[in-house]
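*Asks:* A single structure is presented below for examination.
Coordinate-derived values only; no laboratory data. On a predicted model such as this, the values are computed, not experimentally measured, just so you know. Glycine also receives a Cβ, built like all others from the backbone with ideal geometry; neighbour counts cover every protein chain displayed.
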Amino acid sequence: MAKLPPYVTLGDRLWTLGYKLLCGLIYLFLIAPILVVIPLSFNAEPYFTFTPEMLHFDPAGYSLRWYRDVLGSEDWLNAFRNSFVIGVFATLIATLLGTVAALGLSNSRMPYRASVMALLLSPMIVPVIISAAGMYFFFSNVGLSQTFPGIILAHAALGTPFVVITVTATLSGFDRSLMRASASLGAPPATTFFQVVVPLIAPGVISGALFAFVTSFDEVVAVLFLSGASQRTVPRQMWSGIREQISPSILAVATLLILLSVLLLATLELLRRRNERLRGLR
């Protein structure tokens, strides 16, 4: 962290210290549930509280039994399989649609640009339960309710706004003179797009795809409306486990999801830094 200039006053230093302290407290408040969930997932007893052995760091109080239960349960394995399959296909559709839409919206001469942007971002703004209810009635009429294609299309619709935002942000700093230079050298539009445009917007596209995947993997409201017994995802399985049979296995699954989120966030940070280098900001 950069040091303060030597000419700042005592009041400025106190304000900076207080600001950092406040940010630290907010950060601690946000991650406090994670700091509780992860240790409890290693509890040797079927409780959601810290046992005396755990508080005294006795190895007998810790166990991997709940992770073994998750990895040995056919219901949880099917839920993970369904979540990954649905997430991958929904991400592919959302990335394709969102990238094409962002490329079109980046053209200032596009008619009704603001209205189209508002329509594309509406799934992010409208409460999910309203979108899920509307999708349920629509998919029921076309025969896609309680099917994998229906859930994939629903998750793709919910993830597309994230792709549109990230790719649009990347295109805001895109130098269009590169496209004109490519065309002046005789490159056809397809060659210009895949060899000039795509490498420069790739970090934004990949970032949007990761956001779309996380949105799909974490979505539970739409799944509650659209899924059947064979389309249970991880959030739906966790929801059912909380309602029907509370088990610390849910804590083990939550820890695995936290680990997945950390890996995705690290990937996003690497992509952000690469994008800054490509745009000459670093």
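*Asks:* Collect the residues in the stretch 2-24 that are surrounded by 10 or more Cβ atoms within 10 Å (Cβ to Cβ) and among the hydroxyl-bearing types (Ser, Thr, Tyr), keeping them in residue-number order.
*Replies:* Across the stretch 2-24, the qualifying residues are THR16, TYR19.
*Asks:* I'd like the full set of residues that are surrounded by 16 or more Cβ atoms within 10 Å (Cβ to Cβ) and touching a residue at least 24 places away in the same chain (Cβ under 8 Å), limited to the stretch 61-72.
*Replies:* Hits for the stretch 61-72 are TRP66, TYR67, VAL70.
*Asks:* Suppose we filter the stretch 132-156 for residues that are part of a helix (DSSP H, G or I), touching a residue at least 24 places away in the same chain (Cβ under 8 Å) and closer than 13 Å to ILE86 by Cβ; how many remain?
*Replies:* 8
*Asks:* Follow-up question, since we're still on this one. Can you go through PHE217, PHE211, PHE194, PHE174 and tell me which one is more than 22 Å from the chain's Cα centre (by Cα) and touching a residue at least 24 places away in the same chain (Cβ under 8 Å)?
*Replies:* Answer to the check: PHE174.
*Asks:* Enumerate the helices (runs of 4 or more DSSP H) found wholly within the stretch 165-282, keeping only those where 2 or more residues are of a type in the set (A, V, I, L, M), surrounded by 19 or more Cβ atoms within 10 Å (Cβ to Cβ) and touching a Ser or Thr at 6+ places or on another chain (Cβ under 8 Å).
*Replies:* Helices (runs of 4 or more DSSP H) meeting the threshold: 198-218, 221-226, 249-278.
*Asks:* For the stretch 97-116, give me the residue count where each residue is over 17 Å from GLY204 (Cα atoms) and among the hydrophobic types (A, V, I, L, M, F, W, C).
*Replies:* Qualifying residue count for the region: 3.
*Asks:* Do you know which residues across the stretch 4-48 are under 30 Å from LEU64 (Cα atoms) and either touching a Gly at 6+ places or on another chain (Cβ under 8 Å) or not in a helix (DSSP H, G or I) (or both)?
*Replies:* SER41, PHE42, ASN43, ALA44, GLU45, PRO46, TYR47, PHE48
*Asks:* Another question, if that's okay. Being surrounded by 13 or more Cβ atoms within 10 Å (Cβ to Cβ), aliphatic (A, V, I, L, M), under 28 Å from VAL262 (Cβ atoms) and without any contact (Cβ under 8 Å) to a residue 60 or more places away in the chain: is that true of ALA44 here?
*Replies:* Yes: the conditions hold for ALA44.
*Asks:* So VAL128 passes all but one of these: (1) among the β-branched types (Val, Ile, Thr); (2) surrounded by 20 or more Cβ atoms within 10 Å (Cβ to Cβ); (3) within 20 Å of ASP218 (Cβ to Cβ). Which condition number does it fail?
*Replies:* (2)
*Asks:* I would also like to ask the following. Identify, from the list ALA114, ALA133, ALA102, ALA118, the residue that is in contact with a helix residue (DSSP H, G or I) (Cβ under 6 Å, 6 or more places away or on another chain) and either of a type in the set (A, V, I, L, M) or buried (at least 20 other Cβ atoms within 10 Å of the Cβ) (or both).
*Replies:* ALA102
*Asks:* Can you find a residue that is farther than 30 Å from VAL253 by Cα, among the aromatic types (Phe, Trp, Tyr) and over 17 Å from the mean Cα position of the chain (by Cα) anywhere in the stretch 76-95?
*Replies:* Looking for residues that are farther than 30 Å from VAL253 by Cα, among the aromatic types (Phe, Trp, Tyr) and over 17 Å from the mean Cα position of the chain (by Cα), one finds none in the stretch 76-95, hence no.
*Asks:* Return the pairs, sorted by first residue and then second, in which the second residue is among the polar types (S, T, N, Q) and in a helix (DSSP H, G or I), the first residue lies in the stretch 20-34 and is within 24 Å of LYS3 (Cβ to Cβ), the beta carbons are less than 9 Å apart, and the residues are 6+ apart or on different chains.
*Replies:* none
*Asks:* Tell me which residues, restricted to the stretch 136-154, are touching a helix residue (DSSP H, G or I) at 6+ places or on another chain (Cβ under 9 Å), more than 16 Å from ILE93 (Cβ to Cβ) and not small (Gly, Ala, Ser).
*Replies:* TYR136, VAL142, GLN146
*Asks:* Working only within the stretch 258-271, note down all residues that are in contact (Cβ under 8 Å) with a residue 24 or more places away in the chain and under 28 Å from GLY72 (Cα atoms).
*Replies:* Hits for the stretch 258-271 are ILE258, LEU260, SER261, LEU264.
*Asks:* Give the stretch 151-171 a look and list any residue that's within 30 Å of PHE225 (Cα to Cα) and over 20 Å from the mean Cα position of the chain (by Cα), or say none.
*Replies:* none
*Asks:* A follow-up question, please. Can LEU55 be described as over 20 Å from LEU259 (Cβ atoms) and either among the charged types (D, E, K, R) or over 32 Å from the mean Cα position of the chain (by Cα) (or both)?
*Replies:* The answer is yes for LEU55.
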